Amino acid sequence: MAIASSSASAQIQKLVDATYEKYKDVDDGAVATYIPELSKANPDHFGICLATVGGEVFTAGDWEQEFTIQSISKAFAFQMALEERGREEVAKHVGVEPSGDAFNAIELEATTMRPFNPMINAGAIAVSSLIKKGSPEEGVRGFVKRMEKAAGRPLRIDESVYMSESQTGNRNRAIAYLMLNCGIIDAEVDHTLHQYFSQCSLLVNTKDLAMMTATLANLGVNPVTKTRVFDFQFIKDVLTVMFTCGLYDYAGEWAYRVGLPAKSGVGGGIISVVNRQLGLAVYSPKLDARGNSVRGILACKELASHLGLHAFEFTNVGSSFIEWLI
Ligand code: GLN
């Protein structure tokens, strides 16, 4: 894809800036506190980043502020599980059905006993069990390395968030033991939870998330470094589950109003993928009752509607506004 003309770039930057301005004073929602360390986030922070598959990056606000990726890691961990274990094996451990329930629901499918999908905690813990390695350090290193390639820069785990969640994560422990009881995960429960909590505690900024998302959009190749990060044959699996399950019990409403594969996290991040075109990321730590970033949702809705990004947009007959601009 060609590099955007300077006027097209200026137009996109203007829209990103205008979206930031429009929502910067929205004060609804509350910072997550159930992981005590997350309550220290500055509720005013608000960052936006849009990265195209051509390598152009547009930012606004606090895009350099680091925060933990939390549940956004679930999309990338699912990709890794598919690559490492293949579709059939992964499908024995996790389904692809929207649960319609909260991200931390303690429930499994009635007959298969699998967690509903990999975007909720139960499914993501099952995925962590699949991608963990011989030692806890090795498994976490493998995940961080892959995320570094996707972001295009070195990343690290926030040890205080990890400790905070590990000390208080008894609901996730309950989910894991339920899955052990049902034969979905193996008996290495602590090892699996170490992998899961570590994945959630990866520190990123809004631009990192946008680059990681643009890498998914770009068939698995980082648009700036040109490094192949993900096996493209599984990206459609990941995007499909993000589309139907990425925002938990808001997923239907999201698909209706925004129409993009997406994933949110309780750290306040949210990503949206426009396949073959761009990655969009927003950070704002105040969450709604379902655990999704309030300003994150507003900013994604705004940008998707202005740029005609909805998957079934009537103007989107093979090309959207942004493809036309670039
Ligand atoms: N680490 C968090 C948890 O397991 C992730 C949840 C989220 O981001 N929705 O509760």
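The values are calculated or read from the model by the stated rules, or taken from the named source; none is laboratory data. Note that this is a predicted model, so its numbers are computed, not measured. As a convention, Cβ positions derive from the backbone with ideal geometry for all residues, glycine included, and neighbour counts pool all protein chains shown. Protein only, heavy atoms only, side chains kept; ligands, DNA and RNA dropped before computing areas. Shrake-Rupley method; radii C 1.70, N 1.55, O 1.52, S 1.80 Å.
Some values worked out for this structure:
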item	result
GNM top mover of 195, 79, 13 - the chain, alpha-carbon springs below 10 Å	13
Using θ = phi - 60° and Karplus 6.51 cos²θ - 1.76 cosθ + 1.60, couplings along the stretch 105-110 (whole Hz; Gly, Pro as x)	4, 9, 7, 10, 4, 4
Within the stretch 115-156, trypsin sites (Lys or Arg not before Pro) in DSSP loop having at most 12 other beta-carbon neighbours inside 10 Å	156
Accessible area (Å², 1.4 Å probe, nearest 10) - residue 164	10
Other-chain or far-sequence residues with amide H under 5 Å of residue 46's (modelled H)	62
Over the chain: helical MRE at 222 nm, DSSP H runs n ≥ 4 each giving -39500 (n - 2.57), nearest 500	-14000 deg cm²/dmol
Residue 190 accessible area, assembled protein chains, probe 1.4 Å, Å²	110
Under-5 Å amide H pairs with residue 267, H placed in peptide plane, nonlocal only	71
For the stretch 259-268, Karplus couplings with θ = phi - 60° (6.51, -1.76, 1.60), whole Hz, Gly/Pro x	x, 9, x, 8, 8, 10, x, 6, x, x
Å² per residue, accessible surface of the chain at 1.4 Å	39
Note, ³J(HN,Hα) from phi for the stretch 283-292, Karplus 6.51, -1.76, 1.60, rounded to Hz, x at Gly and Pro	10, 6, x, 7, 10, 7, 5, 8, x, 10
Degrees separating the helix 6-23 axis from the principal Cα axis of the chain, which is the longest one	60
Centre separation in Å (Cα based) which lies between the stretch 253-273 and the stretch 49-111	10
In Å², nearest 10: area of residue 59 left accessible to a 1.4 Å probe	40
Degrees, to the nearest 10: 73-91 long Cα axis against longest axis of the chain	60
Members of 22/74; 14/263; 74/301; 24/133; 24/236 lying beyond 32 Å, as alpha-carbon distances in this model show	24/133; 24/236
